[in-house]
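Sharing a structure below in structure tokens format, with a few things to ask.
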Amino acid sequence: MLLPPFTYRQQNLYVEGCDLEAIARREGTPLYVYSKEAILTRYQAYEAGLATVPHQICYAVKANSNLSILRLLAEAGAGFDIVSGGELFRVLQAGGDPAKVVFSGVGKTRDEVEYALSSGIHSFNCESEAELQLISSIAARHNKTARIALRVNPHVDAATHPYISTGLRDHKFGIDITEVEAVYSRALSLPNLRLEGVSAHIGSQLLNTNPLLEALDALLQLIDRLRALGVPITHLDIGGGLGVPYKEDQIEPPVADHLAAVCARCAGKNLTLMTEPGRSIVGPAGVLVTRVLYRKKTETKEFVIVDAAMNDLIRPTLYQAHHEIVPLRKTFPGTFLADVVGPVCESGDFFAHDREMAQCLPGDFLALATAGAYGFVLASNYNTRPRAAEVLVDGDQWRVVRRRETYEDLIRGE
């Protein structure tokens with residue numbers, strides 16, 4: 001769903017002060033276009049919501065890791081939630097403060113742990129006892145102290161797509177809440193660890209925040225029990241997960257209301273709050289622009305074949321995700337029913353099935369809305385297709401923040 005600053009001016013789609021079609025004609029397609037205004041406005045909503053308590057917002061790098069976006073957020077004061085050594089490298093290259101970085105994920109390697117410790121990150125969100133033991137041994141060898149939060153699996157159903165639900169016992173993430181107190185107790189004896197945090201993330205794209213608050217209540221009770229055991233908990237990482245509207249009938253949960261409820265529950269607990277938003281900051285701030293190549297009719301279907309494909313935006317194929325598809329210029333009246341598909345040689349290469357589309361002809365440009373999160377970061381070179389360029393708009397100016405790949409780029413290193 002298109003949200004401001006993506007708006008039509010008469011018949012043309014603009015982002016901030018820039019005509020999207022003019023950008024597409026200059027830079028070609030497929031093309032990701034992001035709004036600086038939208039990213040900062042959405043980040044600042046989190047800052048405002050937590051202004052009354054000690055806090056750190058750690059943007060989830062996996063949502064969109066373009067260096068210019070990371071630099072923009074770092075300059076705004078953001079920390080970062082990373083899940084790989086490569087993401088840490090990106091954060092540092094973008095000027096991010098390592099002391100504001102939390103390292104999450106179930107499969108941290110020895111090299112990644114050493115890199116994070118030597119970089120001076122804030123803390124690790126640990127997901128198993130084996131990981132605790134590894135970090136302890138590496139920290140001891142390098143004479144460093146690692147700050148630790150255990151990621152707790154609170155067994156709360158996020159009621160989202162199963163691929164992005166992470167808070168149930170059957171999921172690979174975290175340590176079951178019924179077992180975690182014993183893990184904390186045993187970890188107190190491990191050298192060179194400072195056990196000071198509790199962390200949880202139950203899933204992504206939540207339009208109903210009740211599961212998040214249910215998980216928070218369980219974590220606060222756990223913290224009381226841990227402190228009674230002598231575990232000096234000082235920070236609580238509530239994860240991310242707030243959803244965004246992909247369809248016209250979906251309602252975005254207000255960040256201010258959710259964080260007010262969080263702060264009310266945490267009042268008097270003497271905790272620094274950490275949160276890890278990703279999609280809710282960059283999702284609606286981006287679109288994928290594509291050009292119509294052909295319209296094709298069969299006995300049962302009409303297809304709109306575009307130059308973007310599943311290698312550019314895999315969410316519809318992977319998650320059965322919905323993205324509104326709108327014209328960059330409203331040229332023709334009326335609508336028609338079609339499948340919107342790409343050139344990749346897979347029947348799974350689609351953006352929409354049986355979608356009511358605005359009239360369009362070959363050569364016209366379309367925008368896939370709400371593509372700022374989990375778009376380019378999931379792109380590939382399948383079918384030996386160069387990955388798209390990325391553009392960042394700032395008012396009535398724009399600049400390329402990732403150039404389009406060339407054929408030579410595709411074979412570099414082979």
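What is the Cα centroid distance between the range 83-156 and the range 358-381, reported in whole angstrom?
35
Another one. Could you tell me which of the pairs Lys36/Lys62; Lys62/Lys144; Lys36/Lys330; Lys36/Lys247; Lys247/Lys297; Lys62/Lys297 are separated by over 29 angstrom between their Cα atoms in the structure shown?
Beyond 29 Å between Cα atoms: Lys62/Lys297.
Taking the mean number of other Cβ atoms within 10 Å as a proxy for protection, how do you rank 301-308, 223-230 from highest to lowest?
On the way: 301-308: 19.9, 223-230: 13.6.
Sorting 301-308, 223-230 by mean packing, highest first, produces 301-308, 223-230.
For the range 1-150, what's the relative contact order in percent, using C-alpha pairs closer than 8 Å and at least 6 residues apart?
14
So what J values fall out for the range 194-203 if you push phi through Karplus, 6.51 cos²θ - 1.76 cosθ + 1.60 with θ = phi - 60°, rounded to Hz, Gly and Pro as x?
Rounded to whole hertz, the list is 10, 7, 10, x, 10, 9, 7, 8, 9, x.
In sequence order, what are the phi-derived ³J(HN,Hα) couplings for the range 396-407 according to the Karplus relation 6.51 cos²θ - 1.76 cosθ + 1.60 with θ = phi - 60°, rounded to whole Hz, with x for glycine and proline?
Each residue's phi maps through the Karplus curve to give 9, 10, 8, 8, 6, 10, 7, 6, 5, 5, 9, 4 Hz.
Search the structure for amide H atoms under 5 Å from the amide H of Val344, placed 1.01 Å from N in the peptide plane, and list their residues when 5 or more places away or on another chain.
Met310
Here's a follow-up. Return a whole-number percent for the relative contact order of the chain, with Cα pairs under 8 Å and 6 or more residues apart as the contact set.
20
Can you list the aspartates and glutamates whose alpha carbon is less than 19 Å from that of Lys301, not counting same-chain residues fewer than 8 positions off?
Here the aspartates and glutamates satisfying the reach criterion relative to Lys301 are Asp339, Glu346, Asp349, Asp354, Glu356.
To continue, here is another question. How far is the Cα center of the range 264-283 from the Cα center of the range 2-27, in Å?
After rounding, the separation between the Cα centres reads 33 Å.
Oh, and also: Can you give me the long-range amide H partners of Met357? Hydrogens built in the peptide plane at 1.01 Å from N, cutoff under 5 Å, separation of 5 or more residues or another chain.
Phe336, Leu337, Ala338
Something else: Can you list residues whose amide H is under 5 Å from Val391's amide H, if they're 5+ apart or on another chain and H is modeled 1.01 Å from N?
Result for Val391 returns Tyr32, Val33, Tyr34, Val401.
Taking only C-alpha pairs under 8 Å that are 6+ residues apart, what is the relative contact order of the range 105-275 in percent? Could the numbers behind the result be given before it?
Working: 291 pairs, mean separation 34.2, N = 171.
The value is 20 percent.
Now, a different point. With helices defined as uninterrupted DSSP H runs, which ones in the chain have an alpha carbon span along their own long axis of at least 30 Å and mean Kyte-Doolittle hydropathy of at least -1.0?
Helices meeting the criterion: none.
Here's another thing I want to ask about it. Would you calculate, for the chain, the mean residue ellipticity at 222 nm contributed by helices, counting each DSSP H stretch of 4 or more residues as -39,500 (n - 2.57) and dividing by all residues, to the nearest 500?
-8000 deg cm²/dmol
If you rank Thr272, Thr406 by fewest surrounding Cβ atoms within 10 Å, what's the result?
Neighbour counts put them in this order, fewest first: Thr406, Thr272.
Working only with C-alpha atoms, what are the Rg and Dmax values of the range 105-275, expressed in angstrom?
Expressed in Å, the Cα Rg and Dmax of the range 105-275 come to 16.5, 55.
For Lys108, go through the aspartates and glutamates and keep the ones whose alpha-carbon is under 17 Å away, minus same-chain ones fewer than eight residues off.
Within reach: Asp81, Glu87, Glu127, Glu129, Glu131.
Where a number appears in this text, it was derived from the coordinates with a stated rule and is not lab data. Only a predicted model underlies this, so the values are computations on that prediction, with no experimental measurement involved. Reconstructed Cβ throughout: ideal geometry from the backbone, glycine too, with neighbour counts over all protein chains shown.
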